[in-house]
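This report refers to the structure that appears directly beneath it.
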Amino acid sequence: MVEMLDAEKFVRVLDHAIIRPVHFVRFNLEGLSDGQLAEVVKFCNSDEAFKDGEVCQTARRIRKRRLESKARKARLELAEFEMAS
């Protein structure tokens, strides 16, 4: 069962923790599932106070990297399928 995430609370806590090394924030964001990370990014995009903050920028970079990785994997699988056909 996927644990529900309160994206707003999560971003606020990490924003407060930004005084710690950036890898602390990145580590916590990378530990989220794709759905949870999407919720964090959705909150970041809707809240003016955090929109340009380090936490939200890091969350967007991680999400973008995950999406690019999935797209690369899908293209590779498609190419392998076409080669096998």
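The values are calculated or read from the model by the stated rules, or taken from the named source; none is laboratory data. This structure is a prediction, so every number in the text was calculated from the model and none was measured. Here the Cβ is made from the backbone with ideal geometry for all residues, glycine too, and neighbour counts use every protein chain on show. We work out accessible area using only protein heavy atoms, side chains counted, and drop any ligands, DNA or RNA first. Shrake-Rupley method; radii C 1.70, N 1.55, O 1.52, S 1.80 Å.
Before moving on, here are some points about what is shown:
- For the chain, a crude dipole built from +1 on the beta carbon of Lys and Arg and -1 on the beta carbon of Asp and Glu, taken about the Cα centre, is about 280 debye to the nearest 20.
- Extension gain, S46 back to A74 (0.36 nm per residue minus Cα-Cα distance, nm): 7.1 nm
- Expressed as a whole percent, the accessible area of the chain that falls on carbon and sulfur atoms is 57 (1.4 Å probe).
- Within the listed set K64, K73, K42, the Gaussian network model of the chain (springs between alpha-carbon atoms below 10 Å) gives the highest mean-square fluctuation for K73.
- Per-peptide packing, taken as the mean over residues of other Cβ atoms within 10 Å, places 10-16, 32-38 in the sequence 10-16, 32-38 from highest down.
- Normalised by the number of residues in the chain, the mean separation of alpha-carbon contacts (under 8 Å, six or more apart) gives a relative contact order of 31 percent.
- Placing dummy labels 7 Å off each Cα toward the beta-carbon, the span from F24 to E54 is 1.0 nm.
- Accessible surface calculations at 1.4 Å, restricted to protein heavy atoms, place the chain at 75 Å² per residue.
- With 0.36 nm allotted per residue and the present C-alpha distance subtracted, the M83-K64 stretch has 4.0 nm of extension available.
- Measuring how big the chain is from its alpha-carbon positions, Rg and Dmax come out at 15.8, 54 Å.
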